[in-house]
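*Asks:* One structure follows; several queries about it will come next.
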Amino acid sequence: MAEENATELLNRVTQLERQLKRQRQIGILVGLLLAGAVATSFVADKPTYLRVRGITVVDAKGKPRILLGAPPETAGRNRKDASTASLVVLGPQGQDRVILGESPNPLLKGKVYPRIAASYGMTIHDSTGQERGGMSFLDNGRGVIALDRHNQDAVEMIVNDKTGFAGLTMNYEKPFGQYKEAVRIGTKGTQVWWALSDTSEVERASLYIKDQQVPKLDLQAAQAK
């Protein structure tokens, strides 16, 4: 009799253990479901924001290659003066290659020159870190897409809010600091034109159309020296 009672008691204990195990499993599942629901509700109703001063991405050798900040840190970057709110992609030697955001003053021939106005957009650089073009809008009302030679502007697409000009210009290749416009194609108001200038910037050939008037072609001989 005592043996039967012990066996029955053991069976009851085993059943209770099984019930408790199932209840714990159900409790864990319910807890996970509730946590998921709360997390989903939190993300949907109250999105979080990551607030930092900057982020630096390094390559496999630990060299900074992508800088993001307002401004980004200068560690690993050759330029220490370009403190603008931007994303900067660096070359393997720390030279600027691409800047997205607020443009710093341009670096030309190893010297920094002032920009004519604050500029936001994208600037591209050659392997030495010199600015060679980009796309930006300046605070003086000019939108520009440009490609540069190593020593000066080469080709520009321009929209100028102040003058009303919208068009394309191309410059001769000249020594640094000497700008000689060769081609200008554009519109202004009701006028459209195409003009070619010689190396003295004297307009030698042009085609003008204003409103619905007859097109005007003008050819000029070289000026006597």
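*Asks:* Take the residues in segment 168-225 that are in a strand (DSSP E or B) and of a type in the set (Val, Ile, Thr); name whichever of them is nearest to residue 149 (Cα to Cα).
*Replies:* Checking each candidate, the answer is 169.
*Asks:* Please pick out the residue among 146, 205, 166, 195 that is at pLDDT 95 or above, surrounded by 12 or more Cβ atoms within 10 Å (Cβ to Cβ) and under 30 Å from residue 110 (Cβ atoms).
*Replies:* Only one candidate qualifies: 146.
*Asks:* Further, regarding this structure: Test residue 174 against the criterion of being modelled with pLDDT of 95 or more and of a type in the set (D, E, K, R), and give yes or no.
*Replies:* Criteria not met by residue 174.
*Asks:* Of everything in segment 56-92, what is under 23 Å from residue 147 (Cβ atoms) and either out of contact with any strand residue (DSSP E or B) (no Cβ under 6 Å at 6 or more places or on another chain) or in a loop (DSSP other than H, G, I, E, B) (or both)? Give them in sequence order.
*Replies:* 78, 79, 82, 84, 91 - these are the residues of segment 56-92 that are under 23 Å from residue 147 (Cβ atoms) and either out of contact with any strand residue (DSSP E or B) (no Cβ under 6 Å at 6 or more places or on another chain) or in a loop (DSSP other than H, G, I, E, B) (or both).
*Asks:* Another one. In segment 59-80, how many residues are of a type in the set (A, V, I, L, M) and free of Cβ contacts under 8 Å to residues at least 12 places away in the same chain?
*Replies:* Total satisfying the criteria: 1.
*Asks:* A further question on this structure: For segment 87-124, which positions are surrounded by 19 or more Cβ atoms within 10 Å (Cβ to Cβ) and among the small types (Gly, Ala, Ser)?
*Replies:* 101, 103, 119
*Asks:* Here is a list: 184, 204, 142. Which entry is over 30 Å from residue 93 (Cα atoms) and in contact (Cβ under 8 Å) with a residue 24 or more places away in the chain?
*Replies:* 142 is the lone residue from the list that is over 30 Å from residue 93 (Cα atoms) and in contact (Cβ under 8 Å) with a residue 24 or more places away in the chain.
*Asks:* Name, by its number, the condition in (1) under 30 Å from residue 55 (Cβ atoms); (2) at pLDDT below 95; (3) out of contact with any Ser or Thr (no Cβ under 9 Å at 6 or more places or on another chain) that does not hold for residue 82.
*Replies:* The failed condition is (3).
*Asks:* Also, quick follow-up: Does residue 155 count as in contact with a Leu (Cβ under 7 Å, 6 or more places away or on another chain), surrounded by 15 or more Cβ atoms within 10 Å (Cβ to Cβ), assigned to a strand (DSSP E or B) and among the β-branched types (Val, Ile, Thr)?
*Replies:* yes
The values are calculated or read from the model by the stated rules, or taken from the named source; none is laboratory data. If you're wondering where the values come from, they're calculated on a predicted model, not measured in any experiment. Using ideal geometry, Cβ is built from the backbone for each residue, glycine included, and neighbour counts are taken over all protein chains shown.
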